[in-house]
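Notes to accompany the following structure.
Quick note: the coordinates plus some simple rules give every number you see, no bench work behind them. None of these values were measured; they are calculated from a predicted model. Every residue, glycine as well, gets a Cβ built from its backbone with ideal geometry; the counts of neighbours run over all protein chains shown.
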Amino acid sequence: MPEDIVIDIAAMSAAFRDLVPFNSALGLSLEDASVSPAVAVLRLPWAGRLIGNPETGVIHGGALTALLDAAGGLSVFLKLRQPTPIATLDLRIDHLKPATPRRDVLGRAECFKTTRNVGFVRAIAYHDDPNDPIATSAATFTISTKGKAVTGHEIFGRKETP
């Protein structure tokens, strides 16, 4: 597949929103995407229903986690370049500072490696500058085995012992 693939951001954003109702409930939208490198940038709009502490007006950490998880999953899809079922296997979030009240948050994720069964992703949440992160994450996503039962040992290349 050529490296100069053009992505229809509006169509991908609509599909991303419509196929995952939670993304729609959060108001997530796709801002940018590329396949080389496999990067997705999503916007989480500030909304009163997403506030974690009414006294501060700061977006809840769970909403930020969902933003980074969704961006990470989308980056895996971009890396694979074909519709393939995936699921979050592991997600670590480091919350570095509170988001600024009444401001949207961007989430940028890059799938930097895939194996037969796992996609590896790094992501950051920020307002204006990715070098001034609100939160960072490291995640792994399982990649479908198309109906074949797979054990954890098989995923990581070890034979299962009795």
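A few points about this structure:
- Zero-based 10 Å bins, Cα pair distances in the chain, whole percents: 11, 38, 33, 14, 4, 0
- The residues packed around P45, meaning those with a beta-carbon under 14 Å from its beta-carbon, carry a net charge of +3 if Lys and Arg are +1 and Asp and Glu are -1.
- A Cβ-based charge dipole, computed about the Cα centre of the range 70-136 with Lys and Arg at +1 and Asp and Glu at -1, lands at about 260 debye.
- Rounded tilt (10° steps) of 61-80 against the dominant C-alpha axis of the chain: 40
- Among P133, I143, L67 the positive-end extreme of the charge dipole of the chain (Cβ point charges): I143
- Other residues with beta-carbon under 14 Å from the beta-carbon of V58 carry, at +1 per Lys or Arg and -1 per Asp or Glu, a net charge of +2.
- Radius 13 Å from Cβ of E110, net charge of other residues (Lys, Arg +1; Asp, Glu -1): +3
- Nearest-20 debye value, the chain charge dipole, Cβ charges on Lys, Arg, Asp, Glu: 520
- Contact order normalised by residue count of the range 9-155, Cα under 8 Å, 6+ apart, percent: 22
- Net length gained if the chain between H60 and R92 were fully extended (0.36 nm per residue, minus Cα distance): 9.9 nm
- Taking Cα atoms only, the orientation of helix 9-19 departs from the longest principal axis of the chain by about 80 degrees.
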